[in-house]
Amino acid sequence: MFRAAMTALSVLIATAQASAQEPRPTPPAIPVQTVPPAGITALKVDVTIARDLNGKTLSSTPYTVSIVPGTKSQLRMGGDVPVPSTTFAAQKEGEKPQQLTSYSYRTVGTLIDAQADPGSNGQWRITLNIEDSSIYPADLAPASTKVTGAPAFRSFRSNNALTLRDGQSLDYTMATDRLTGEVYRVSVKLTVVK
């Protein structure tokens, strides 16, 4: 009985080793077009970030990014905002602590990373990473801002890929700020430069 069990085990091991050595079939490769069509020198991607409140447009800010097909482009627009930090230095016993204020800086603005790759039938795959940050206006800022005097920051981030043809526009992202009720909308238009 022991010999029969050992024989069965040997057969299982041999079968497993044989199947491990057999080459596995590879899935067929999906053709990807990496060379842009002849005559196309660049793509122009127009990105508009708009903010609405109760159906009224508060702001609509346009940006344009030029992309050489198959490469990445970046756009950076913004500035640095001072953020106060207060500490209290110990004094001699019985004296009032001395208040010291120092500042650090935080960058606010818009960052756009874009890439365009040729697709099929004249379409282009546009990959967009967008970050937008700003300071809350005083009348919309959280209550803590009024107490501390420090600015409150809001931020919006979107990472997405979309397929467009020459001249096509698309409203592709919408988000609502939960503190203010403002609605962020991002629209994109593609223009092929020949």
Cβ contacts < 7 Å: first residue farther than 29 Å from VAL108 by Cβ, restricted to the range 83-96; second residue outside any strand (DSSP E or B) and among the hydroxyl-bearing types (Ser, Thr, Tyr), any location; separation 6+ or different chain. Result? none
Out of all the residues in the range 112-137, which are within 16 Å of THR61 (Cβ to Cβ) and outside any strand (DSSP E or B)? PRO137
Would you mention how many residues in the range 67-102 are over 23 Å from TYR136 (Cα atoms), over 18 Å from the mean Cα position of the chain (by Cα) and surrounded by 13 or more Cβ atoms within 10 Å (Cβ to Cβ)? 3
Somewhere in the range 20-39, is a residue at pLDDT 80 or above and touching a strand residue (DSSP E or B) at 6+ places or on another chain (Cβ under 9 Å)? no
Step by step: first the residues of the range 127-146, then only those that are surrounded by fewer than 17 Cβ atoms within 10 Å (Cβ to Cβ) and hydrophobic (A, V, I, L, M, F, W, C), then the one that is modelled with the highest pLDDT. Which residue is that? ILE135
Taking the condition of being outside any strand (DSSP E or B) and either in contact with a helix residue (DSSP H, G or I) (Cβ under 6 Å, 6 or more places away or on another chain) or among the hydrophobic types (A, V, I, L, M, F, W, C) (or both), how many residues in the range 152-194 meet it? 2
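The values are calculated or read from the model by the stated rules, or taken from the named source; none is laboratory data. None of the values given here were measured: they were computed from a predicted structure. Quick reminder, even Gly has a Cβ in these numbers, built from the backbone with ideal geometry, and neighbours come from all protein chains shown.
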